[in-house]
Amino acid sequence: MTKPISAAAASSIEAAISRLKGSGDVQATFTIARLASEAGLSRATLYRAPELLERFRIAIASHQREVKSPPSPTDRVHQLEAEIAALRGRETEELRALRSSNRNMAQHIQALSLLVRQQQQRIARLQAEPSESGRVATLVARAAALVR
C-alpha cells in the first residue's frame, strides 16, 4: 500500500491545477510533469493522489474541448461568405431606412417652404396697404419733428 500524500501537498496540487486552468494559455500542453513542476512536487507524489490526477485529466479534457483546432481554409471561406451576406443584408436595411428618412425630410422641407412663401406674401400684402403704412409714416414723421 502506498503512503497517502500530506494535506499540504494536496492543497499545493489543487492550487497548481487552478493556476494551470486559469492561465488562459491556448498553446499550453498540460502534462503530469508540468503539474508537478507547478505544484513544486515530484511526479511520484502526484501519482499517490489518484483522485487529484483524475481532476487534472478532466481539466485537460475540458481545456482541449475549449481550444479547437483552427478551421480549414474551406470552412473559413464559407464563414467569411456568410459574414459578407449578413453585412450586405444589414447594409440594404440601412440604405432603405436612410432613403425613407430622406423622403420624410424632403416632405418637411417642402411644407416649410410653402409656409415661408405664405408668410412672405402676407408681409408683402401688409406693406402694400396704403392706409396702414401711411399712418405709420405720418406718426413717425410727427414724432421725429417733436423730438427736434
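Laboratory data are not the source of any read-out in this text; all were calculated from the coordinates shown. Keep in mind it's a predicted model, so treat the numbers as computed, not measured. Cβ: placed from backbone, ideal geometry, glycine included. Neighbour counts: every protein chain shown.
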Protection proxy ranking of 40-48, 116-124 - average other beta-carbon atoms within 10 Å, highest first
40-48, 116-124
Find the Rg to Rh ratio for region 30-101, where Rh is the Kirkwood radius over alpha-carbon pairs and Rg uses the same atoms.
1.47
Compactness of region 1-125, expressed as Rg and Dmax over alpha-carbon positions, Å:
34.0, 116
I want to check the label-to-label distance for L87 and Q118. Put each point 7 Å from Cα in the C-beta direction and report it in nm to one decimal.
4.9 nm
How big is region 78-126 by Rg and Dmax over its Cα atoms, in Å?
21.3, 72
